[in-house]
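Trainee: Sending over a structure as structure tokens; questions will come in a sec.
The values are calculated or read from the model by the stated rules, or taken from the named source; none is laboratory data. Since the structure is predicted, the reported quantities are computational estimates derived from the model, not experimental observations. Backbone-built Cβ (ideal geometry, glycine too); neighbour counts: all protein chains shown.
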Amino acid sequence: MPKPKPKSPGDNEQPKKTIVFLHPDLGIGGAERLVVDAAVSLQNRGHKVVIFTSFCDPAHCFDEARDGTLDVRVRGNTIIPPSLLGRFSILCAILRQLHLILQFTLFTSELKSLGPEGNKTYFFVDQLSAGLPLLKLLSPSAAKKRTAPIFFYCHFPDLLLVQNRKKWYKRIYRLPFDALEQWSMGFADAIAVNSGFTKGVVSRTWPSLAKKKDLKIVYPCIDVKSSSSTKPTNDEIGPLPWKKTGVILSINRFERKKDIALAIRAFALLPKTKRKEAKLIIAGGYDHRVHENVSYHKELVSLADSLNLKNATAKTVVSALNTAPDVEVLFLLSVPNTLKEMLLKSAKLLVYTPSNEHFGIVPLEAMLRGVPVLAADNGGPVETVVEGSTGWLRDPGEVEKWSEVMDLVLNGMSEAELERMGKAGVERVTGHFADVQMGAKLDGIFDEIEEQGRTMSGTMLIPVVMVGFAAAAAIVGVVASAVLGEKEGGR
């Protein structure tokens, strides 16, 4: 039975805006979490919200996307596959987005019937900007020389996320997509990023774009009402067998860029007398179909073995809860929400190891539950974790400094001190990163766009859009044909 939608003070009033989200694939990940939270926060403010996506698997998406909380509609998933023989995923993603836009703007009348008559329509687009020119051209108000406002959320420049550019043809293949990314973002009426760190990266990557657009910072949020902000008692924790030990927790996907090995090395530096019955629990996203997840997990197990740390791997909740008491490092693969909640509430310290993370939502989840955070002194955590108040920021290159913090938490701080730090973390999250604040920030940006006005007409846009896409398509076609026979994949 669908979960009832949250009510807000404006529920009895006609929604002020109709906000249409466009997201490539609505699965489970940081970008998807942000989109879902943004949609819910705006819906709670009384707006009509609809998410259009090219793919959403009910078995692999966030609860709000499948239980009726949000109106999610899958479109543009019938012609273009996600990839061609495991390659050209970025080309396919762009074509799927264009198909998605065409389907709900031209091929059906969905867009006109989304909200009450007279409602102003706004677009929230993230992750992929290639379709913005077409969306601008086909937006509902184009005929009136006033295009519907488009807000683009840049999680991080895609051109900096792409790896394996050593081969010359890989670099050539990416050229049109890199150029298209910057050009198409210029069609957004407002652009936001997820942190000051990302804003700096975007400004350095596209200085001309940064001069034209006032890049705004909209932090990802966390639902402060869904979880208790106090640490649980032993009875509340339930069957967790590690509740009486000092749990040091790491939550991350099993990817090398997350540098989970740092947590293992720091833990190993603690003398056995210092770590006593303490346990390092490494939990996170794991997909047996993803080669890196499988290989990196094996590397971490080998590392723990080489450091003489007794370890075990659990793939189910039952096996996790029945591991031997003397296991020092426990790997938990694909942790369900229930177990994740139990882990967060019982941990003494959350260790967040990625360097130059764009933002990082896990530290917020930990602080909301009163858990101090140890994180890298760069990237997003610098903006969320307050040194000495809600946690510690340390250089990832100085493993011994991380070990010192672990020792301090396990052996050098009283329960009262840890509790004070935990309360500071709760106040930090509820005061700066709550879903209510995100909704208000986004609402304000939409209002700013409307006040500034948009004067480019649909007829003026036609030649600009057509020339741009024609040039990009020609280059992509030539390059794609040249490298189609190559065996190596790539985005």
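Trainee: How many residues are free of Cβ contacts under 8 Å to residues at least 40 places away in the same chain and under 18 Å from G246 (Cβ atoms) when one looks only at region 321-340?
Mentor: So the count comes out to 2.
Trainee: Any residue in region 341-368 that is on the phi > 0 side of the Ramachandran plot and of a type outside the set (A, V, I, L, M, F, W, C) sitting within a Cβ distance under 9 Å of a residue that is crowded, with 23+ Cβ neighbours inside 10 Å and assigned to a helix (DSSP H, G or I)? List the pairs, counting only those 6 or more apart or interchain.
Mentor: G360/P381; G360/T384
Trainee: Something else: I'm trying to understand the selection: among the residues of region 431-456, which are part of a loop (DSSP other than H, G, I, E, B) and at pLDDT 90 or above?
Mentor: Residues of region 431-456 that are part of a loop (DSSP other than H, G, I, E, B), as a first pass: 433, 453-456.
Matches in region 431-456: F433 only.
Trainee: A further question follows. Being within 26 Å of H358 (Cα to Cα), without any contact (Cβ under 8 Å) to a residue 40 or more places away in the chain and assigned to a helix (DSSP H, G or I) is true for just one of V36, V40. Which residue is that?
Mentor: On the way: V40 fails: without any contact (Cβ under 8 Å) to a residue 40 or more places away in the chain.
Just a single option satisfies the conditions, and that option is V36.
Trainee: Is one or more of the residues making up region 90-103 farther than 30 Å from Y173 by Cα, buried (at least 22 other Cβ atoms within 10 Å of the Cβ) and of a type outside the set (D, E)? Step through it out loud before you land on a result.
Mentor: Kept after step one, since they are farther than 30 Å from Y173 by Cα, are these residues of region 90-103: none.
No, there is no match, as no residue in region 90-103 is farther than 30 Å from Y173 by Cα, buried (at least 22 other Cβ atoms within 10 Å of the Cβ) and of a type outside the set (D, E).
Trainee: Still on this structure, I have one more. I'd like the full set of residues that are touching a strand residue (DSSP E or B) at 6+ places or on another chain (Cβ under 9 Å), part of a helix (DSSP H, G or I) and of a type outside the set (S, T, Y), limited to region 318-351.
Mentor: A320, L321, L339, K340, L343, L344
Trainee: Next question, about the same structure. Would you check if I264 is touching a helix residue (DSSP H, G or I) at 6+ places or on another chain (Cβ under 8 Å), crowded, with 20+ Cβ neighbours inside 10 Å, assigned to a helix (DSSP H, G or I) and assigned by TED's automatic domain parsing to the domain that holds I361? So that I can check it myself, show each step before the final result.
Mentor: Numbers: touching a helix residue (DSSP H, G or I) at 6+ places or on another chain (Cβ under 8 Å): yes; crowded, with 20+ Cβ neighbours inside 10 Å: yes; assigned to a helix (DSSP H, G or I): yes; assigned by TED's automatic domain parsing to the domain that holds I361: yes.
Yes: the conditions hold for I264.
Trainee: Follow-up. Which one of these does V382 not meet: (1) aliphatic (A, V, I, L, M); (2) buried (at least 20 other Cβ atoms within 10 Å of the Cβ); (3) under 24 Å from K199 (Cα atoms)?
Mentor: Failed condition: (2).
Trainee: Applying the selection to region 101-136, what residues are modelled with pLDDT under 90 and assigned to a helix (DSSP H, G or I)?
Mentor: F104, T105, L106, F107, L111, K112, S113
Trainee: Taking the condition assigned to a helix (DSSP H, G or I) and either of a type in the set (D, E, K, R) or closer than 17 Å to V371 by Cβ (or both), does G425 pass?
Mentor: yes
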